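The values are calculated or read from the model by the stated rules, or taken from the named source; none is laboratory data. Only a predicted model underlies this, so the values are computations on that prediction, with no experimental measurement involved. Every residue, glycine among them, receives a Cβ derived from its backbone with ideal geometry; neighbour counts consider all protein chains shown.
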């Protein structure tokens with residue numbers, strides 16, 4: 001009898017648990033409006049199908065580690081269809097990708113980068129972000 005109950009529970013709940021585990025990425029973007037931080041922020045809007053986005057992802061992956069202690073990074077995949085992403089796209093009026101918004105520690109947008117830029121230029125932008 002106990003084996004039957006365990007089998008039924010596994011058949012019913014194991015696929016549900018697997019579905020939740022697979023669909024929850026764990027990399028949910030932080031809603032910048034809700035974040036309580038006094039650090040400057042990078043908000044990056046990107047797409048997996050965009051070549052310029054892939055290039056900027058490589059650049060950011062290479063240079064961001066040297067800034068991660070003092071600058072927060074939030075990334076949005078524009079095609080994910082999540083309401084929070086759509087809200088941020090509207091808030092920052094994003095019409096093309098990649099778009100990178102740089103926000104100072106006072107919460108003011110200080111720079112907007114649309115399209116791919118060279119690594120050296122991105123480093124200069126991040127070094128000037130206070």
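Looking only at region 21-66, filter to residues that are modelled with pLDDT under 60, loosely packed, with under 10 Cβ neighbours inside 10 Å and over 13 Å from the mean Cα position of the chain (by Cα); which one of those is farthest from residue 95 (Cα to Cα)?
Per the stated criteria, the residue is 21.
So residue 105 ticks every box in (1) at pLDDT below 95; (2) in contact with a strand residue (DSSP E or B) (Cβ under 7 Å, 6 or more places away or on another chain); (3) within 23 Å of residue 124 (Cα to Cα) but one. Which box is left unticked?
That leaves (2) as the condition not met.
For region 110-118, indicate whether the set of residues that are modelled with pLDDT of 95 or more, surrounded by 15 or more Cβ atoms within 10 Å (Cβ to Cβ), over 18 Å from the mean Cα position of the chain (by Cα) and within 18 Å of residue 50 (Cβ to Cβ) is non-empty.
yes
Report, ordered by the first and then the second residue, all pairs with beta carbons closer than 6 Å, sequence separation of six or more or different chains, a first member in region 62-86 that is part of a helix (DSSP H, G or I), and a second member that is modelled with pLDDT under 90.
Every condition considered, the pairs that remain are 84/31.
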